[in-house]
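Contents: one structure, followed by commentary.
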Amino acid sequence: QMTIPTIKLNDGNCIPQIGLGLWQNKDEAEFKQAFDAAIKAGYTHFDSAQAYDNEQFLGAAMQNQKREDLFVTTKIAVQHFGYNNAQKTFQESLKKLQTDYVDLLLLHFPVPILRKKSWLALEEIKKTGGAKSIGVSNYTVKHLEEMKQYASVMPVVNQVELHVFLQQPELLEYCAANNIVVEAYSPLAHAKDMDNQVVADIAAKHQKSYAQIMLRWCLQKGLVVLPKSVTSSRIQENMNIFDFELDAEDMQQLTAQDRDLRTCWSPVHVP
């Protein structure tokens with residue numbers, strides 16, 4: 001079994017650099033199949049959320065695994081923000097996940113007004129051992145900067161949409177300077193652009209697939225990458241990105257493909 005590289009977080013914990021994104025995975029049989037394929041392929045990191053409606057499937061699927069071998073993420077849904085609310089619904093998440101802790105707990109979106117209280121709830125959950133690490137998702141530089149005024153610990157990660165066509169260099173630079181690891185969701189841009197000639201040429205050069213080039217770019221940018229798939233062959237393919245390296249010229253050409261292509265909700269205008 002191959003060893004997945006890990007990245008050290010600012011709280012001392014480590015995160016595997018690839019995880020299976022579980023968004024839109026709502027059918028229990030399909031979920032179980034994808035989970036088993038992922039375990040077989042060497043995944044240990046699973047990224048869920050209250051909003052995905054599948055924490056209970058993950059909980060059931062995890063029962064055959066050693067809990068300490070897995071890295072489990074969930075996220076507080078926007079409708080559950082608030083100090084008491086976040087804590088209460090997190091307890092429900094643990095029940096669904098059939099575990100007494102998660103490895104990473106995130107706030108799913110920078111909800112105005114309520115995000116501060118919700119973060120303080122996460123700090124409390126971390127103190128009491130419910131979450132080993134805490135972070136945020138979809139935060140912009142502005143939202144992270146604001147946290148310095150109220151957070152006693154800063155987030156270990158910021159999970160955002162990030163891929164070759166949406167590179168967010170300012171956000172990456174800010175997070176690097178503040179020791180926040182960036183997790184890339186939708187690293188394949190929801191297949192919105194699978195006919196880019198530059199990516200295709202680099203794929204041919206390395207005898208890899210188009211998707212593998214997109215994922216490898218993320219890895220080499222120091223990101224944690226969260227490809228989502230329910231197809232066994234794809235789940236395996238997405239894992240086969242550790243046996244080759246993009247050279248400086250490849251990286252340069254790929255960096256030139258940035259065009260601010262957002263395929264999900266955008267937090268850019270959230271006050």
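The values are calculated or read from the model by the stated rules, or taken from the named source; none is laboratory data. Note that the coordinates shown come from a computational prediction; the quantities given were computed from them, not determined experimentally. As a convention, Cβ positions derive from the backbone with ideal geometry for all residues, glycine included, and neighbour counts pool all protein chains shown. Surface areas here come from the heavy atoms of the whole protein model, side chains and all, with no ligands, DNA or RNA. Shrake-Rupley method; radii C 1.70, N 1.55, O 1.52, S 1.80 Å.
Between GLN33, GLN87, GLN236, the GNM of the chain built on Cα springs shorter than 10 angstrom shows GLN33 fluctuating the most.
Exposure check, 1.4 Å probe, all protein chains in place: TRP23 carries approximately 100 Å² of accessible surface.
Measuring between their Cα centroids, the stretch 53-92 and the stretch 114-192 lie 18 Å from each other.
Ranking GLU30, GLU237 by solvent-accessible area of protein heavy atoms (1.4 Å probe, all protein chains present), from largest to smallest, gives GLU30, GLU237. For the chain, DSSP calls about 15 percent of its internal beta bridges antiparallel.
Largest first, how would CYS264, CYS218 line up by accessible area (1.4 Å probe)? Working shown, then result.
Details: CYS264 35, CYS218 0 Å².
Sorted by accessible area, descending: CYS264, CYS218.
Averaged over residues, the count of other Cβ atoms within 10 Å places the peptides 226-234, 160-168, 194-202 in the sequence 160-168, 226-234, 194-202, highest first.
Strictly over 22 Å apart at the Cα level, which of LYS132/LYS228; LYS75/LYS132; LYS8/LYS75; LYS26/LYS75 would you flag in this model? Kindly include the intermediate steps, with their values, before the conclusion.
Values: LYS132/LYS228 24 Å; LYS75/LYS132 13 Å; LYS8/LYS75 20 Å; LYS26/LYS75 16 Å.
The pairs that break the limit, which is 22 Å between Cα atoms, are LYS132/LYS228.
The order of the peptides 8-17, 143-152, 46-55, 93-102 by mean Cβ neighbours within 10 Å, most packed first, is 46-55, 93-102, 8-17, 143-152.
Comparing ILE113, ILE180, ILE241 in a Gaussian network model of the chain (Cα springs below 10 Å), the most mobile by mean-square fluctuation is ILE113. Ordering ILE134, ILE39 by accessible surface, largest first, gives ILE39, ILE134; the 1.4 Å probe counts only protein heavy atoms, with every chain in place.
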